[in-house]
């Protein structure tokens with residue numbers, strides 16, 4: 001696309017234009033992201049996709065963290081000149097959640113959501129633990145909201161945190177908001193949840209063996225979270241666990 005071609009494009013009031021990324025071999029739609037003029041110019045000059053992160057307010061090179069870059073083959077724009085279609089050769093997977101395409105959530109007529117397709121890679125191994133991921137932040141994907149630690153005063157507020165987190169997890173199971181890690185666990189099912197509980201248990205043990213208080217604190221929080229996901233999946237409430245603990249305490 002020449003400078004003349006760039007001048008035909010209609011960027012929005014923020015100087016951005018949506019770019020739909022398509023696999024040139026399969027015609028599968030891989031993702032959608034935003035470009036400003038500089039990102040498009042870098043895409044044209046480098047031969048790989050660059051985008052503009054609205055959340056971080058900076059350019060980002062697709063695959064800069066994962067290595068799953070996109071080699072550009074053709075760039076089209078529509079008849080209104082306000083949307084780009086970019087055909088690429090995708091290396092690895094396009095989605096930061098590990099799937100070939102970002103469009104792997106299927107909305108069915110009843111309003112439920114299902115995941116279509118298998119994971120091509122483990123996002124935790126590529127982007128780091130707990131899904132604090134460079135490309136997720138760039139794409140503006142919502143994470144599970146933090147629980148409020150100030151709703152109840154004194155020591156009792158600590159137990160309230162568990163109750164609040166448990167309610168968030170139950171809500172995730174019911175609504176399955178796209179992009180939330182908890183939704184992903186419920187969509188994958190019991191075996192995935194059990195696998196995560198096993199992994200977090202092992203990591204908690206390793207943290208204790210390392211005699212690291214900070215590491216043990218971190219891993220224990222992970223383990224408690226995944227245990228609560230398991231409880232929700234199995235229909236067991238925190239009250240059930242509290243009652244069992246109370247029985248043991250009174251003995």
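In the condition set (1) in a helix (DSSP H, G or I); (2) closer than 15 Å to residue 169 by Cα, residue 236 is compliant with all but (1). Pairing residues of the range 49-60 that are touching a residue at least 40 places away in the same chain (Cβ under 8 Å) with residues that are in a loop (DSSP other than H, G, I, E, B), at Cβ distances under 7 Å and at least 6 apart in sequence or on separate chains, gives 51/62; 54/140; 55/140.
Looking for something in contact (Cβ under 8 Å) with a residue 40 or more places away in the chain and exposed (fewer than 12 other Cβ atoms within 10 Å of the Cβ) - is there at least one such residue anywhere in the range 24-40? Taking every residue of the range 24-40 in turn, at least one turns out to be in contact (Cβ under 8 Å) with a residue 40 or more places away in the chain and exposed (fewer than 12 other Cβ atoms within 10 Å of the Cβ). Quick one: is residue 231 touching a helix residue (DSSP H, G or I) at 6+ places or on another chain (Cβ under 9 Å) and within 24 Å of residue 170 (Cα to Cα)? Here the answer is yes, as residue 231 does meet what is asked.
Conditions tested, residue by residue: (1) out of contact with any strand residue (DSSP E or B) (no Cβ under 6 Å at 6 or more places or on another chain); (2) surrounded by fewer than 17 Cβ atoms within 10 Å (Cβ to Cβ); (3) part of a helix (DSSP H, G or I).
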site	(1), (2), (3)
177	yes, yes, no
182	yes, no, yes
186	yes, no, yes
198	yes, yes, yes
203	yes, no, yes
215	yes, yes, yes
223	yes, no, yes
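Listed by position, the strands (runs of 3 or more DSSP E) inside the range 45-141 whose residues that are at pLDDT below 90 and closer than 28 Å to residue 175 by Cα number at least 1 are 105-107, 113-115.
The values are calculated or read from the model by the stated rules, or taken from the named source; none is laboratory data. Since the structure is predicted, the reported quantities are computational estimates derived from the model, not experimental observations. Counting neighbours? That spans all protein chains shown, and the Cβs are built from the backbone with ideal geometry, glycine included.
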